[in-house]
Amino acid sequence: MNITDHIRYQDLEGGFWGILGDDGSKYLPVDGLPESFKKEGLSVEVKVEIVHMIGTVMWGQYVKVLSISSA
Amino acid sequence: MLLTGILTISAFLLIARGATKRERSPLLMATGILLLAGSAIGHFFAYSSLLPAITALTAEIGVGLFFVAGFLSRHNRPARPIFFVGSISLAVCVILLGIGRFSLSTDESHESVTLLVELGPDDSIDEIEEILEQFGAGYERAFPAITLTMDIDLSQVYIVSTTTDNELRLRRALEADVENVDHVEVNEPVGLYEPISKRSVDIDIEGVLENDPLVNRQWALQAIDAHKAHEYLKTVEPVRKAKVAIIDTGVDGGHEDIRSVFVSSPGNIDVHGHGSHCAGLAGAVTNNAIGIASLNWEGKYIEVTAYKALNDQGMGTIESIAQAVLDAVRDDADVISMSLGGKSPEAPKTIADAIRFAIRNDAVVVVSAGNSNEDARYHMPSNVEGVIVVSAVDQELRKASFSNTNTSLARPITAPGVNILSLQPGGRYIEMSGTSMSTPIVSGLVGVMRSLNPELNAEQVYNVLQETGKTLKDSRSIGRMINASSAIEAAVAMR
């Protein structure tokens with residue numbers, strides 16, 4: 001699945017970086033994001049695969065990032 | 001680019017053909033360099049990573065130099081240096097190949113996957129052995145301590161190991177075997193994130209009873225009437241200590257503020273920190289002149305134990321979470337606190353079965369509503385029947401912006417979940433936000449209620465929380481907020 005959204009830092013459950021869409025859709029990379037993409041508001045094009053998981057963060061849809069680039 | 005390269009090399013060769021012997025040498029060298037550069041660029045584009053690209057390149061250079069050496073040797077020209085360089089190139093190739101194979105084998109180990117396969121009540125693993133052998137899959141019982149009479153579903157669950165290549169086909173084959181297989185699901189891994197420190201929120205604590213030095217940073221105590229509850233708890237005695245099980249990343253059982261009430265368990269180490277934070281909120285020793293306060297007045301009402309469902313790298317499985325629930329039931333937990341979850345319209349069957357098993361065995365299961373600002377019915381395990389689902393409020397007692405709503409589910413309740421101070425491994429303290437924080441606050445209250453009145457069942461416990469809870473502006477979407485003082489007094493009145 002390809003998505004074009006923004007990188008956002010979420011200050012909850014200890015803090016993490018997620019991908020937030022203008023429509024409110026939320027994607028949480030299970031392996032985190034590369035350091036160079038941990039920038040608040042950065043617009044990105046991401047190819048992801050949805051994974052069904054359980055964790056402590058409980059924010060949005062867990063995804064595996066297959067590729068990511070700046071939009 | 002390719003066309004330009006080919007034309008350039010062709011031009012060089014044509015010029016070299018008509019050039020004198022002296023002029024030909026640099027032209028041929030330039031052609032060689034161009035070919036080498038083109039080959040390198042081609043390899044780096046063709047391969048997904050650097051290692052296989054360089055390996056292929058060194059192999060081709062080595063073979064090429066061997067040809068050149070052979071050609072020179074045939075024309076009685078000095079060939080040894082070329083042969084020597086070619087040999088080095090091939091040796092480098094062999095070394096890189098070895099490294100590549102090692103990396104590949106490491107990658108392959110990451111590609112193993114496990115399935116949770118539930119057989120029918122009267123079926124045995126032998127009946128699906130043929131399918132398992134066909135895909136080279138191994139197996140073991142997921143919950144060997146659970147017998148058929150204890151739970152008809154969980155006792156028949158097996159962990160089947162395979163590789164990602166075979167996963168889909170094996171799954172289809174097992175699902176097609178409707179005579180023997182009731183359910184198949186992937187034993188998914190779990191992701192976690194590192195904790196960070198937050199700002200502190202000082203509050204006025206004039207006149208409060210507790211001597212815990214950090215109580216002035218715990219706004220939640222005032223919000224849930226915990227100070228008043230402490231005054232009451234000072235005057236009564238528990239029937240027995242209630243056991244609160246924290247299913248999480250483990251708990252630092254040696255932390256100064258929980259050590260004396262912590263029941264040693266395999267989960268008494270917490271590298272990540274999330275589980276320790278939850279444990280402190282549920283049962284940190286109160287009025288001990290150390291750290292924070294919880295509802296566990298002088299450590300008399302609650303003992304805390306930990307079940308490590310998630311590993312130190314923040315990864316776990318459906319099976320490990322279900323196993324942790326079953327372990328807590330085995331150890332007679334009164335309350336099972338689960339600050340974890342994931343987006344899913346329905347819970348994985350194995351976890352749902354484990355929670356149902358816990359409820360049948362008299363445990364009260366308290367779970368987080370989730371942090372996606374959506375309906376918790378799309379979040380598991382909050383959508384499992386019978387659990388108390390906890391949302392979060394901020395200091396203004398409004399729904400926390402991130403909190404899921406919970407009133408579409410049967411047992412909604414809410415508690416503070418923003419800037420909540422609690423334990424951090426290594427004797428430290430940290431503020432965190434999330435429904436993970438509001439959940440153990442409720443679990444601690446339920447623990448105190450059951451220590452004063454062990455006969456209370458899950459339904460009665462929830463009814464007390466609901467009836468004594470404070471109605472807030474957002475209660476329509478997140479339920480009432482717990483009132484510790486009123487709930488504890490009501491539990492005692494029901495004895």
* Asked: Just wondering, is there one or more residues in segment B:351-367 that are open to solvent by less than 50 Å² (accessible area, probe 1.4 Å), part of a loop (DSSP other than H, G, I, E, B) and in contact with a helix residue (DSSP H, G or I) (Cβ under 7 Å, 6 or more places away or on another chain)?
  -> yes
* Asked: In segment B:416-451, how many residues are in a loop (DSSP other than H, G, I, E, B) and either surrounded by fewer than 24 Cβ atoms within 10 Å (Cβ to Cβ) or out of contact with any Asp or Glu (no Cβ under 6 Å at 6 or more places or on another chain) (or both)?
  -> 6
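Search segment B:452-495 for residues being in a helix (DSSP H, G or I) and among the acidic types (D, E), and hand back the single one that is farthest from B:P412 (Cα to Cα). Talk me through it step by step, then tell me what you get.
Applying the first criterion (in a helix (DSSP H, G or I)) to segment B:452-495 yields B:452, B:458-468, B:475-478, B:484-493.
Imposing the further condition that a residue be among the acidic types (D, E) reduces the set to B:459, B:467, B:489.
Numbers: B:E459: 12, B:E467: 12, B:E489: 21 Å.
The qualifying residue farthest from B:P412 (Cα to Cα) is B:E489.
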* Mind listing whichever residues of segment A:15-54 are open to solvent by less than 40 Å² (accessible area, probe 1.4 Å), under 27 Å from B:H272 (Cα atoms) and free of Cβ contacts under 8 Å to residues at least 24 places away in the same chain? => A:G15, A:G32, A:V51, A:M53, A:I54
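Just give me the residues in segment B:271-310 being in a loop (DSSP other than H, G, I, E, B) and either under 18 Å from A:M58 (Cβ atoms) or acidic (D, E) (or both), in sequence order. If you could, list the steps in order and put the result at the bottom.
First pass over segment B:271-310, keeping only residues in a loop (DSSP other than H, G, I, E, B): B:271-273, B:284-285, B:287-296, B:298-301, B:309.
B:H272, B:G273, B:E298, B:A309 - these are the residues of segment B:271-310 that are in a loop (DSSP other than H, G, I, E, B) and either under 18 Å from A:M58 (Cβ atoms) or acidic (D, E) (or both).
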* **segment B:393-427, residues that are of a type in the set (S, T, Y) and over 15 Å from B:T439 (Cα atoms)** => B:S401, B:T407, B:S408
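Being part of a loop (DSSP other than H, G, I, E, B) and within 12 Å of another protein chain (Cβ to nearest Cβ) is the filter; apply it to segment A:55-71 and report the residue that is surrounded by the fewest Cβ atoms within 10 Å (Cβ to Cβ).
Our first condition is that a residue be part of a loop (DSSP other than H, G, I, E, B); within segment A:55-71, this holds for A:56-60, A:71.
Subset that is within 12 Å of another protein chain (Cβ to nearest Cβ): A:56-60.
Details: A:T56: 32, A:V57: 30, A:M58: 31, A:W59: 26, A:G60: 24.
Step by step, filter segment A:55-71, then rank; the result is A:G60.
Out of B:A53, B:A11, B:A91, B:A40, which single residue is assigned to a helix (DSSP H, G or I) and at pLDDT 75 or above? Spell out how you get there, then give the answer.
Working: B:A53 fails: at pLDDT 75 or above; B:A11 fails: at pLDDT 75 or above; B:A40 fails: at pLDDT 75 or above.
Matching residue, one of B:A53, B:A11, B:A91, B:A40: B:A91.
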* Scan segment B:389-403 residue by residue and report those that are in contact with an Asp or Glu (Cβ under 6 Å, 6 or more places away or on another chain) and open to solvent by less than 10 Å² (accessible area, probe 1.4 Å). => B:A400
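Looking only at segment B:376-415, which residues are part of a strand (DSSP E or B) and more than 13 Å from chain A (Cβ to nearest Cβ)? Talk me through it step by step, then tell me what you get.
Quick first cut of segment B:376-415, residues part of a strand (DSSP E or B) only: B:379-380, B:388-393, B:399, B:405, B:412-415.
Scanning segment B:376-415 gives B:I388, B:V393, B:K399, B:T405, B:P412, B:I413, B:T414, B:A415.
The values are calculated or read from the model by the stated rules, or taken from the named source; none is laboratory data. The shown structure was predicted, so the numbers you read here are calculated from the model rather than taken from an experiment. Ideal geometry is used to build each Cβ from the backbone, glycine not excepted, and the neighbour counts take in all protein chains shown. Side chains included, ligands, DNA and RNA excluded: accessible areas come from the protein's heavy atoms. Shrake-Rupley method; radii C 1.70, N 1.55, O 1.52, S 1.80 Å.
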